[in-house]
Amino acid sequence: MSLLDPVWTSLLYLVAAVFFILALRGLSSPRTARRGNLIGAAGALIAVVTVFLSSRLENIPWILAAIAVGSAVAAPVARRVKMTQMPQLVALFNGVGGGAAALVALLELSHAGDPWVRLAIVFTLLVGAVSFAGSGVTFAKLQELMTTRPVVFPGLPAVMAAVLLAAVAAAAVVVFTGSLPLASLLLVLGLAAGILLVLPVGGADVPIVISLLNAFTGLAVAASGLVLGNVLLVVAGTLVGASGTILTRAMAAAMGRSVAGILFGAFRGSSTAGSTAVSERPVRSSSAEDVAVLLGYAQRVIIVPGYGLAVAQGQHTAAELAQALESRGIEVDFAIHPVAGRMPGHMNVLLAEANVPYESLKEMGEINPEFKTADVALVVGANDVVNPAAKTSAGSPIYGMPILEVADARQVVFLKRSMRPGFAGIENDLLYEPQTSLLFGDAKDSLAQVLGAVKAL
């Protein structure tokens, strides 16, 4: 017997849905992201408690044991995961959500007599399995458990087409017959489709595919809500699907590419994973003292953070350097590219963690015209997002991608660990220009040396 009547159940579901909407609103800005995350967690708690109080559940000890095991694993992982590994964690979340939706749909098939319900089941099975397997591949790529470059083989398009046609045929039979063996085959075909979909994706396109798979998971969860007759699952899944779709389109636009080009670009040789060869051309290297002189006697400095800053955990040192320059009367801003790092907002969150004022974080459209007035552009661990090849080299994998106009600054200083290319795997000609100098080393250590030299001026 349930402890809540249908009216209270519907009311609590409505409250949880409102919490989810407010959470998405909060997550749209670094300033409110922490509050948005807490609101979303509160909404999820309300939803879970409501299910317990309003449903006639069986095997409650097993359910509680599963929650306890999941919490015991998730809490330490969430506390220890590095900011640079956040996209991998998101990929795992995507996969688990899609896989859970697919398994629930498979279990519900034996209770579904209505063909329309079975249609929702096969949709959940297929999309959830694609999300689960695809997310697993993206995790392996970002974690460098496998190559981040596109993986293609002769006949791959034909294999993909055959798998999809077989999946559609199996789905049609399951809708009309409710065959459990064919539903299981559909699950396997979905897993194969997910792997084949993501294998050809490489370079800087991988994080965008994570966002797309997030949308897939949302759609699978929404469909599972139809299967279970749970309105809140429909609402939550639709919100995730819509937000994931919007984010995917925004990231693709920031890369100057179409979603189709991202998924199938490797077949035409247009993936963002380029050559990994390192040029033998000479560059102008600098010492920390040289960089400090450039910065200390400038009037305007723009700092461009990238993934290398995140890897080195140098955000606090970068913030301290900005404060030291501002104390000398120098105007300092941070230029944020939409896809700097591995995910949108990566740099915003990183610098907010170091208490950099939000007013100092300038988005690409706002800061680009100001590079012409900058005495020094200090590029810390970024490469592809400032690479002029995106504008000048039609054959480049990143051609057409909007970039930060760092080349317009009077002096450009790159803080790099080595001459290895960025995530897209292509060379940056800006490194060899006469106004550019390089300070080699770990970003945090280099920033600390420059900071010490600025204070000594």
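The values are calculated or read from the model by the stated rules, or taken from the named source; none is laboratory data. Bear in mind the structure is a predicted one, so any value in this text is a computation, not a measurement. Reconstructed Cβ throughout: ideal geometry from the backbone, glycine too, with neighbour counts over all protein chains shown.
Worth pointing out:
- Screening the candidates PRO30, PRO61 for the property of being modelled with pLDDT of 85 or more and farther than 19 Å from THR217 by Cα yields one hit, PRO61.
- Selected residue (only one of ALA91, ALA74, ALA65 is in the same structural domain as ALA133 (by TED's automatic domain parsing) and in a helix (DSSP H, G or I)): ALA91
- The residues listed here are TYR399, TYR358, TYR432; of these, the one that is surrounded by fewer than 20 Cβ atoms within 10 Å (Cβ to Cβ), more than 24 Å from the chain's Cα centre (by Cα) and touching a residue at least 60 places away in the same chain (Cβ under 8 Å) is TYR432.
- When ALA16, ALA23 are screened for being in contact (Cβ under 8 Å) with a residue 12 or more places away in the chain and either part of a loop (DSSP other than H, G, I, E, B) or over 19 Å from the mean Cα position of the chain (by Cα) (or both), only ALA16 passes.
- First in region 290-305 and surrounded by 17 or more Cβ atoms within 10 Å (Cβ to Cβ), second anywhere and assigned to a loop (DSSP other than H, G, I, E, B) and of a type in the set (Gly, Ala, Ser), Cβ under 7 Å, 6 or more apart: ARG300/ALA374; VAL301/ALA374; ILE302/ALA374; ILE302/ALA409; VAL304/ALA382; PRO305/ALA340; PRO305/GLY381; PRO305/ALA382
- LYS416 touching a Phe, Trp or Tyr at 6+ places or on another chain (Cβ under 8 Å) and surrounded by 20 or more Cβ atoms within 10 Å (Cβ to Cβ): yes
- The set of residues from region 18-49 being within 23 Å of ILE63 (Cα to Cα) and surrounded by 13 or more Cβ atoms within 10 Å (Cβ to Cβ) comprises GLY40, ALA42, GLY43, ALA44, ILE46, ALA47, VAL49.
- When GLY381 is tested against (1) on the phi < 0 side of the Ramachandran plot; (2) among the small types (Gly, Ala, Ser); (3) under 25 Å from the mean Cα position of the chain (by Cα), exactly one condition is not met: (1).
- Breaking point among (1) crowded, with 23+ Cβ neighbours inside 10 Å; (2) at pLDDT below 90, for GLY229: (1)
- Condition met for ALA166 (among the aliphatic types (A, V, I, L, M), over 14 Å from ALA102 (Cα atoms) and in contact with a helix residue (DSSP H, G or I) (Cβ under 8 Å, 6 or more places away or on another chain)): yes
- Residue check for VAL96: β-branched (Val, Ile, Thr), assigned by TED's automatic domain parsing to the domain that holds VAL130 and in contact (Cβ under 8 Å) with a residue 60 or more places away in the chain: no
- Residues of region 43-75 that are in contact with a helix residue (DSSP H, G or I) (Cβ under 6 Å, 6 or more places away or on another chain) and of a type in the set (A, V, I, L, M, F, W, C): ILE46, ALA47.
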